[in-house]
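Colleague: I'd like to ask you about the structure that follows.
Readers should treat all values here as calculations from the given coordinates under stated rules, not as data from a laboratory. Here the structure is a predicted model, which means the values were calculated and not measured. All Cβ positions, even for glycine, are placed from backbone atoms using ideal geometry, and neighbour counts span all protein chains on display.
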Amino acid sequence: MNITQIGRFIAQRRAALGLTQAELAERLDITDKAVSKWERGKSIPDVALLSRLAAELRTSVAEILSGESRHVARSSNLDECRAPDEDGRTIHEAAGQGETLVLEPVDAGDLLVSPYLFGSNLEHTRSCLYSGLSAQMLRNRKFVGKPTAGMGCAMAWYPIGKQAIFTFDDPYTRHGEGYHMQRMAECNALHILNPRAGAAAGLGQHGVSIQAERPYLFAMVVKTRGPIAVSIALTDRTEERVYARHTVAAQAEDWTRYEIELTPGKGDADADLRITWEEAGSVCFGALSLLPKDHFRGMRRDVVQAMAALGIGVLRWPGGNFAGEYNWMDGLLPADMRAPFQSYLGLETQPHTMGYDFNEMNTDDFIALCREIGAEPFITINPCWNTPEENAAWVEYCNGDSTTHYGGLRAARGYVEPYRVQLWSLGNEFGYGHMEGDNTPGGYCKTVQEHGKKMLEVSPNLSLCSSGPYPNWEWAELSARPLSGMAQMISQHYYGYAPCFTDLMAVEQEYNRCLASIARMRCLIRQTHQMLSPNMRISLDEWNVWYAWYRPSSVTDGIYAALAMHLLIEEAEKSGIAIACHFQAVNEGMLCVEPDGVRMSAQGQIFALMRCHAGNHLCFASQEAVATMDREGRVTVTLINASYRQCKTVNFSKYGACREAVLYSSDNVLPPSFFSETNLLEQAGSGSLCMPPHSVLKISF
C-alpha cells in the first residue's frame with residue numbers, strides 16, 4: 001500500500017470535482033488538516049471513513065486503496081457491481097448517462113439461498129409491541145410507577161369523583177420464579193374509595209381508538225368490600241355520547257377476574273374508557289384489559305397477517321437489549337398477573353411506555369406467532385439475570401418431551417408436542433458496554449460457557465450463537481474461539497448511516513451517504529469472517545439504517561434495504577453468513593402500524609419482494625443484481641438502480657419471454673415515502689426496460 005499514491009489519488013479526485021480541502025473535510029465531519037495530511041502522504045483515511053470518502057469522491061474504496069483509477073464502470077457511488085460465474089460471464093454495465101445493463105443467462109449452481117437470510121427481530125422496544133403488535137388498547141393497565149402528583153391516581157389514568165380517594169395498594173401482579181433483577185415500582189394495585197353514596201367514583205382513560213360495530217373484550221381483576229355495581233363505558237371525551245356500556249356486579253373480597261364484551265355503535269379515534277360506581281365503598285384494581293375480540297393470543301390479527309406477508313424466515317426474540325431485561329418464567333403466569341419489567345435501558349428501549357414493558361408475550365405466544373407466520377424461532381437468553389439452570393429449563397420447556405419436568409409443564413398447559421427450538425443466542429451485544437453483566441471477552445466467555453453447557457445437556461443439537469462487538473480481534477481470540485466447541489455462530493450487528501434530511505440542498509448528498517455505508521457493511525462482515533475459525537459462521541442478527549425507528553420510513557431506507565439484501569445473498573457463502581435479521585419488523589422499519597390499520601413501509605415492500613429468492617438455487621449475485629432459479633427451472637432476477645439522478649436500461653432479451661415484470665419506484669426519497677408498484681409485463685415484451693432513479697425491478701422468466 002503506497003500512501004503517497006493514495007494521497008495523490010485523493011487530491012486528483014477532489015480537484016476533479018471542484019472541491020477544496022475544507023469542503024471535503026466538512027462533508028466528512030473531519031478537519032481540513034486531516035485531508036491535507038492524506039494528500040501529502042502523511043497518513044491515510046481511517047477505515048470507518050473509507051466508504052463515505054469513496055461516495056464523496058465518486059469512486060470506490062478499492063480505487064482509493066490502490067491509488068489509481070481502475071476504469072471500472074459504476075452506476076452508483078457504491079462498490080463495483082459484477083457477478084461472474086465459472087465461465088467468466090458477467091453482468092455488463094456501460095457507464096454514463098442512459099447506461100445499459102445487459103443480463104447474461106447463467107446456469108444455476110448447487111448453492112441455495114437460505115431462508116435464514118430473510119430474518120427479522122421481535123424485540124419489546126419502543127412501539128414494536130405497544131401500539132404495534134400487541135392488541136392491548138390500554139396504557140399502564142397494571143399501574144406501574146408512582147402515583148400522579150396531588151391525585152394519587154396511576155399514570156395514564158384520570159380520577160373520577162371529587163371526593164374519591166386514590167392510593168396504591170398491595171399488588172395482584174407478581175414475577176415468576178427466576179426473577180433476580182433489581183427494579184422499581186413494577187408491582188402496584190390501584191385502590192379507590194368512594195366515601196359518598198350517589199356520587200360517581202372511579203377512573204378513566206383518554207385516547208382509546210374504537211371502531212363502530214367491532215366487539216371488544218374488557219377485563220378487570222378486582223376485589224371489593226361488599227357488593228359494588230361497576231359500570232364500564234366507552235364514551236366521547238365529554239361523556240355526552242355513550243358508545244357502549246355494561247355493568248358488572250363485583251362482590252369478591254379476593255382477586256377476581258371479570259370479562260365482558262363491549263360493541264360500540266359508533267367509531268371514535270379518541271374515545272374514553274370510564275370505569276365508575278356510585279355505591280359508598282372501595283374497589284381495588286389489580287389489572288385492566290381491553291382487546292379486540294378477534295385478537296390472536298393478545299396480538300393484533302392484522303399485524304400478524306402483515307408479518308406473514310413479509311415472508312420472515314427466522315424471528316429473533318425477545319431481543320436485542322430487552323433480552324437482558326426479560327425473565328422467561330414470568331410467562332408461566334396468566335398475562336394479567338405478570339408483573340411489568342422496569343427497563344434498565346428505559347430511555348432507549350421503553351421511551352413510549354414510561355420505561356416499562358407490560359409483559360404481554362410469553363414463550364407460548366412467541367412460538368404460536370412463529371408458526372402462524374412461517375418463521376423459525378430464534379431465542380436470546382438472559383445470561384446476566386438468569387442462572388444456567390434457569391436457561392436450561394427454558395430449553396427444556398421448549399424442547400423436552402412430556403416426561404421431563406418443564407416439558408411436562410408445557411404439556412400440562414396444552415402444548416403437548418415439543419416446540420423444537422434449535423436457534424439460541426447466548427445474550428445480546430455483550431462487549432458494547434451497555435448490557436448488564438461482564439462485558440469483557442474473557443468474563444463473558446466464562447459466564448456463558450456454563451449456560452451453554454447446561455442448555456446442551458438438555459438438548460444436544462442446539463445451534464448456539466455467542467455475542468460480542470465484532471469485528472474485534474480480542475473478542476475473536478478470547479471469546480469466539482474458546483466457545484467454538486459449543487457455539488458455532490457469533491452475533492454481529494450493523495447499522496448504516498442515518499440520513500439527516502434537514503437541508504433541501506443536501507438531499508442527494510445524504511441519500512448517497514446512506515447508501516455508501518453498504519460498502520462498510522460488506523467490509524466489516526469480511527473482517528469478522530477473517531477473524532473466525534473455519535467452522536464458525538456469522539449471525540448478522542441486527543441490520544438497518546441507524547435510528548430508523550425514530551422517524552417515518554422512506555424510499556432511501558428501501559433502497560438501502562435492497563442493497564443490503566443483495567449483499568447478504570452475495571456474501572452468505574463467501575463470508576459465512578448463516579443468519580441475517582433485519583431490525584425490526586413492527587413499527588421500526590418494515591411495518592407501519594396505526595390504530596385502524598397496518599401497511600408495509602418502503603423497507604417492508606422490498607423485504608417482501610426479495611423473499612422471492614429464498615430457497616432457490618443461486619445463478620449470480622452482485623450489489624446490483626441477483627438471479628435465482630426455483631425447482632421448476634423458473635428464473636427470477638431482482639435489480640437495483642441506486643442512482644439518485646440517472647435512469648438505467650436493463651436488457652434481458654437473451655432470457656427469452658418474460659413471465660413477470662414489476663417495478664418498485666418513487667419520485668420522492670424523503671420521509672415519509674413509499675414505492676409505487678407498476679406492472680411492466682406488457683412493456684417487457686421488447687426485451688428491455690428502463691429503470692428510473694432509486695428503483696427496484698423484479699423480472700421472472
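Colleague: What is the local net charge at SER479, summed over the other residues whose Cβ is closer than 15 Å to its Cβ (Lys, Arg +1; Asp, Glu -1)?
Modeller: -3
Colleague: Cross-link partners among lysines for LYS33, C-alpha distance below 24 Å, same-chain residues fewer than 8 apart left out?
Modeller: Hits, sequence-local ones excluded: LYS42.
Colleague: Something else: For VAL208, VAL416, what ranking results if the residue with the fewest other Cβ atoms within 10 Å of its Cβ goes first?
Modeller: Arranged by neighbour count, lowest to highest, VAL208, VAL416 become VAL416, VAL208.
Colleague: Once the other residues with Cβ under 13 Å from the Cβ of PHE674 are scored (Lys, Arg +1; Asp, Glu -1), what is the net sum?
Modeller: Around PHE674, the surrounding residues sum to -2.
Colleague: Continuing with this model, one more query. Pull out the extension gain between SER686 and ALA149, defined as 0.36 nm times the separation in residues minus the alpha carbon to alpha carbon distance; nm, one decimal.
Modeller: 186.2 nm
Colleague: Something else: Around ARG8, what is the net charge, scoring Lys/Arg as +1 and Asp/Glu as -1 over all other residues with Cβ under 12 Å from its Cβ?
Modeller: +1
Colleague: Taking 22 Å as R0, compute the FRET efficiency from the Cβ-Cβ separation of LYS162 and GLU240 and round it to 0.05.
Modeller: The computed FRET efficiency comes out at 0.65.
Colleague: Considering the options GLY176, GLY7, ASN439, tell which one lies farthest towards the positive end of the dipole of the chain, charges being +1 on Lys and Arg and -1 on Asp and Glu at the Cβ, about the Cα centre.
Modeller: Comparing the listed Cα positions along the dipole, GLY7 ranks first.
Colleague: Same structure, new question: Are there GluC sites (Glu not before Pro) in segment 233-296 that DSSP marks as loop and that have at most 10 other Cβ atoms within 10 Å, and which are they?
Modeller: The qualifying sites are GLU240, GLU253.
Colleague: Restrict the search to segment 374-477; then list the trypsin sites (Lys or Arg not before Pro) that DSSP places in a loop and that have at most 14 other Cβ atoms within 10 Å of their Cβ.
Modeller: ARG413, ARG420
Colleague: Where in the chain are the helices, taken as whole DSSP H runs, whose Cα atoms extend 18 angstrom or more along the long axis and whose Kyte-Doolittle mean reaches at least -0.5?
Modeller: 3-16, 507-531, 555-575
Colleague: What is the extension gain from ARG659 to TYR432, computed as 0.36 nm multiplied by their sequence separation minus the C-alpha to C-alpha distance, in nm to one decimal?
Modeller: Contour length minus Cα-Cα distance gives 76.9 nm.
Colleague: Rounded to the nearest 500, what is the 222 nm mean residue ellipticity of the chain from helices alone, with -39500 (n - 2.57) per DSSP H run of 4+ residues and division by all residues? Could you put the intermediate results ahead of the total?
Modeller: Working: 14 runs with 165 residues, N = 701.
Rounded to the nearest 500, the figure is -7500 deg cm²/dmol.
Colleague: Could I ask something else about it? Only counting other Cβ atoms within 10 Å, I'd like TRP546, TRP277 sorted with the fewest neighbours first.
Modeller: On the way: TRP546 14, TRP277 24.
Going from least to most buried by this count: TRP546, TRP277.
Colleague: As a test, work out the antiparallel percent of DSSP beta bridges whose residues both lie in the chain, rounded to the nearest 5.
Modeller: Percentage antiparallel, nearest 5: 75.
Colleague: Quick one: if you stick a label point 7 Å off each Cα along the C-beta vector at SER43 and ASP294, how many nm between them?
Modeller: 6.2 nm
Colleague: Roughly how far apart, in whole Å, are the Cα centres of segment 137-163 and segment 407-485?
Modeller: Between the Cα centres of segment 137-163 and segment 407-485 lies a distance of 40 Å.
Colleague: To the nearest 20 debye, what charge dipole does the chain have about its Cα centre, counting +1 at the Cβ of each Lys and Arg and -1 at the Cβ of each Asp and Glu?
Modeller: Around 660 debye, computed over the chain.
Colleague: Under the rule a/c < 1.5 gives rounded, and otherwise a/b versus b/c splits prolate from oblate, where does segment 3-66 land using the Cα gyration tensor?
Modeller: It comes out rounded by the Cα gyration axes.
Colleague: Which entries of LYS142/LYS266; LYS654/LYS698; LYS574/LYS654 have Cα-Cα distances beyond 19 Å here?
Modeller: Listed pairs above 19 Å: LYS142/LYS266; LYS574/LYS654.
Colleague: Something else: Of the listed peptides 304-313, 266-275, 556-565, what is their order by residue-averaged count of other C-beta atoms within 10 Å, with the highest listed first? Could the numbers behind the result be given before it?
Modeller: Details: 304-313: 20.5, 266-275: 18.2, 556-565: 28.8.
Final packing ranking: 556-565, 304-313, 266-275.
Colleague: Can you tell me how segment 158-292 classifies by the Cα gyration tensor, rounded, prolate or oblate, using a/c under 1.5 as the rounded cut? Mind dumping the intermediate values first?
Modeller: Details: a/c = 1.80, a/b = 1.26, b/c = 1.43.
Because a/c hits 1.5 or more and a/b fails to exceed b/c, segment 158-292 counts as oblate.
Colleague: Within 10 Å of each candidate Cβ there may be at most 13 other Cβ atoms; applying that plus a DSSP loop requirement, which trypsin sites (Lys or Arg not before Pro) in segment 286-347 survive?
Modeller: Sites meeting the loop and neighbour criteria: LYS293.
Colleague: Also, quick follow-up: Based only on other Cβ atoms within 10 Å, what is the fewest-to-most ordering of ILE525, ILE6?
Modeller: Fewest to most other Cβ atoms nearby, the residues stand as ILE6, ILE525.
Colleague: Pick the calculated percent of Cα pairs over 43 Å apart for this structure from (i) 33; (ii) 21; (iii) 40?
Modeller: Looking at percent of Cα pairs over 43 Å apart for this model, the match is (i).
Colleague: Put a dot 7 Å past each Cα toward the Cβ at MET505 and ALA249; how far apart are the dots in nm?
Modeller: Reported label-point gap for ALA249 and MET505 is 7.6 nm.
Colleague: Any chance you could run the full-extension gain for SER36 through ARG174? It's 0.36 nm times the residue separation minus the Cα-Cα distance, nm to one decimal.
Modeller: 43.4 nm
Colleague: Moving to a separate point now. With a ≥ b ≥ c taken as the square roots of the eigenvalues of the C-alpha gyration tensor of segment 283-426, please select rounded if a/c is under 1.5 and otherwise prolate if a/b is larger than b/c or oblate if it is not? It would help to have the intermediate numbers written out before the result.
Modeller: Working: a/c = 1.28, a/b = 1.15, b/c = 1.11.
It comes out rounded by the Cα gyration axes.
Colleague: Okay, next question. Please list 644-656, 421-433 highest first by mean number of surrounding beta-carbon atoms within 10 Å per residue. Walk me through the numbers before you get to the answer.
Modeller: Values: 644-656: 16.0, 421-433: 22.2.
So the order, starting with the most tightly packed, is 421-433, 644-656.
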